Amino acid sequence: MNIFEIFVTYKDGFLQGLGVTLELCLLVWSIGIIGGAIVGILSAQYNASFGLIAKIFSTLISGVPVIVLLYWLYYPMQQQFEIDIPPFNIAVFALAFVNIFMVADLVKNAIKDLPNQYLLSAKVSGLRGKTILLKIQIPLIFKQLIGPILLVQITMLHSSIFASLINVDDIFRQIQRINAMVYKPIELYTALAIFFIVITVPLTLLAQYLKKKYAKDYSER
Amino acid sequence: MQKIILKDNYMLEGKNIYKQINGSEILNNISLNVVPSKISCLIGPSGSGKSTIINCLSLLTPPSKGVVTLNGQDFSFENEKSSYSIFPYPLVTVVFQGLFLFPHMTNEKNILLPLQEHNKDLSNFDILVDRLKIREVLNKYPNECSGGEKQRVALARQILLEPQYLLLDEVTSALDLETVNTVAEILVEMRNKGVGILLATHMINLAKTIGNDFYFIDKGIMIESGNISRLNTPETERLNKFLQIYI
């Protein structure tokens, strides 16, 4: 059986795994980017209070491997609290949680690194906090954030395969299942690698496109 | 611009202002007033503390110690941690030496954004744009303009906000003489309408032409102050030497 015959034979399993992985990633990406932007902005605005709490969470999260977090949420936590949460939901929660704090760190640092002179200028011009945030700070940090945030999303896509270890029927788990039946590891895992490349290359190109489109060169000549 | 009518004691006043940065004293017991309908000139060599005075007086940088009084309301500082976010910008506004135009906006947007935020009358926009000769650069970004063009855009932005007190930090340094004259005319018009202006400058002749009084500082210390005519007969040797170099 060649790879095409395998795909045709097991197309339902492939498509289901593909759908689960894409759904998982879309949820993790959207929750992470929106949540991370909000947490990052609040952390920069209220550095001493909200920012400190976010920093503690961020430090703890970055110190724990994603797979450990997934396992911890799936096994001991559910046992401890005697609850039963579907593995897909746990995977979304864990990966989105990590994504939120990774994005928040980027947003917070970008806001804090923005030269203070523009904020002073906005302040003496009487611009309100909301206007300064929406029309000065966010547009100025957008350029430097596009690349790193999309890089984090690619990392999240890669981390999504860990969800298979807590029984989420994602593409990795489906490939493993099919491989157990047909034993064609080279073909199947090469196909999986191609699948990831097909998703990550457009993301990288999108980052470059956005940078080019929205990031005018403001440097002094 | 409407004529501003303020109570007699209304002014922007800095009393016994001290400022330390990283342990070194930048300002040492500085007191000065910005009075409505007057142009006060702040003169002194580079690094003497002129920009720091403007930042402290506008409360952008809190003084280490001292009192800033705006129209009778005191803002007291006992330490660096005191700060006031309620200072009524752009009632008091600043044109910085570094200009600090928003780099991602065209010059036109730079001028219009604060005006729209405060629903300011735009009828003076075209007049001022033509007087300052910046119409051709309105659609350009700040980094596409010369230093002089950026100075004029920054000036237009703050002037159109119709402040009560306008603090200017070396804003004519990159302008040609003709444009300096135009700026001088505009400042005099503003003064005549009741605006209090503090002009930090190296251009002694400009100060003598449009100023009412002066403050001369060196190394953060007020050396001499008084009516602008006293620049012709300075009392201190330090000011005398400074004037010989800069005139």
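Do we have any residue at all in the range B:156-172 that's within 18 Å of B:Gly44 (Cβ to Cβ) and surrounded by fewer than 16 Cβ atoms within 10 Å (Cβ to Cβ)? No - not one qualifying residue is present in the range B:156-172.
When A:Ala110 is tested against the conditions (1) free of Cβ contacts under 8 Å to residues at least 24 places away in the same chain; (2) surrounded by 16 or more Cβ atoms within 10 Å (Cβ to Cβ); (3) within 20 Å of A:Lys211 (Cα to Cα), the lone failure is (1).
Are any of the residues in the range B:129-142 crowded, with 23+ Cβ neighbours inside 10 Å, closer than 29 Å to B:Ser46 by Cα, facing chain A (nearest Cβ under 9 Å) and not aliphatic (A, V, I, L, M)? Looking through the range B:129-142, none of the residues is crowded, with 23+ Cβ neighbours inside 10 Å, closer than 29 Å to B:Ser46 by Cα, facing chain A (nearest Cβ under 9 Å) and not aliphatic (A, V, I, L, M). Within the range B:45-61, restricting attention to residues that are within 11 Å of another protein chain (Cβ to nearest Cβ) and in contact with a Leu (Cβ under 7 Å, 6 or more places away or on another chain), the residue that is modelled with the highest pLDDT is B:Ile54.
Residues being crowded, with 16+ Cβ neighbours inside 10 Å, at pLDDT 85 or above, over 25 Å from A:Tyr74 (Cβ atoms) and of a type in the set (Lys, Arg) are entirely absent from the range A:166-179. When the range B:113-128 is examined, which residues are found to be within 19 Å of B:Pro90 (Cα to Cα), away from every other protein chain (no Cβ under 14 Å) and of a type in the set (A, V, I, L, M, F, W, C)? B:Leu122, B:Phe125, B:Leu128, listed by residue number. Just one of the numbered conditions (1) surrounded by fewer than 16 Cβ atoms within 10 Å (Cβ to Cβ); (2) at pLDDT below 90 is not true of A:Ile138: (1). When restricted to residues that are acidic (Asp, Glu) and within 11 Å of the chain's Cα centre (by Cα), the range B:161-185 contains 2.
Only a single item in (1) within 26 Å of A:Leu140 (Cα to Cα); (2) touching a helix residue (DSSP H, G or I) at 6+ places or on another chain (Cβ under 9 Å) is not met by B:Asn119, and it is number (2). In the set (1) at pLDDT 90 or above; (2) under 17 Å from the mean Cα position of the chain (by Cα); (3) surrounded by 15 or more Cβ atoms within 10 Å (Cβ to Cβ), B:Arg238 fails one condition alone, (2).
Note on the range B:32-64: among residues that are in a helix (DSSP H, G or I), farther than 17 Å from B:Pro88 by Cβ and among the polar types (S, T, N, Q), the one that is farthest from the chain's Cα centre (by Cα) is B:Thr52. Each residue in the range B:184-201 was checked for being surrounded by fewer than 23 Cβ atoms within 10 Å (Cβ to Cβ) and in a helix (DSSP H, G or I), and 8 pass.
A Cβ distance below 9 Å, combined with a sequence gap of six or more or placement on separate chains, defines the contacts here; from the range B:90-108, residues that are more than 7 Å from every other protein chain (Cβ to nearest Cβ) and assigned to a loop (DSSP other than H, G, I, E, B) reach residues that are crowded, with 19+ Cβ neighbours inside 10 Å and of a type in the set (Phe, Trp, Tyr) in the pairs B:Leu91/B:Tyr165; B:Leu101/B:Tyr141; B:Met105/B:Tyr141; B:Thr106/B:Tyr141. Checked against (1) charged (D, E, K, R); (2) closer than 23 Å to A:Phe162 by Cβ; (3) surrounded by 15 or more Cβ atoms within 10 Å (Cβ to Cβ), A:Asp84 passes all but condition (3). At least 3 residues being facing chain B (nearest Cβ under 10 Å) is the threshold, and among the helices (runs of 4 or more DSSP H) wholly inside the range A:105-202 those reaching it are A:116-124, A:138-159. Any residue at all in the range B:208-216 that's out of contact with any strand residue (DSSP E or B) (no Cβ under 6 Å at 6 or more places or on another chain) and either part of a loop (DSSP other than H, G, I, E, B) or touching a residue at least 40 places away in the same chain (Cβ under 8 Å) (or both)? Checked against the condition, which is being out of contact with any strand residue (DSSP E or B) (no Cβ under 6 Å at 6 or more places or on another chain) and either part of a loop (DSSP other than H, G, I, E, B) or touching a residue at least 40 places away in the same chain (Cβ under 8 Å) (or both), the range B:208-216 yields no hits at all. Just one of the listed residues (B:Asp130, B:Asp121) is at pLDDT below 85 and not hydrophobic (A, V, I, L, M, F, W, C), and it is B:Asp121.
The values are calculated or read from the model by the stated rules, or taken from the named source; none is laboratory data. Because the structure is a prediction, the values reported are computed rather than measured. Positions of Cβ are backbone-derived with ideal geometry, glycine not excepted, and every protein chain shown enters the neighbour counts.
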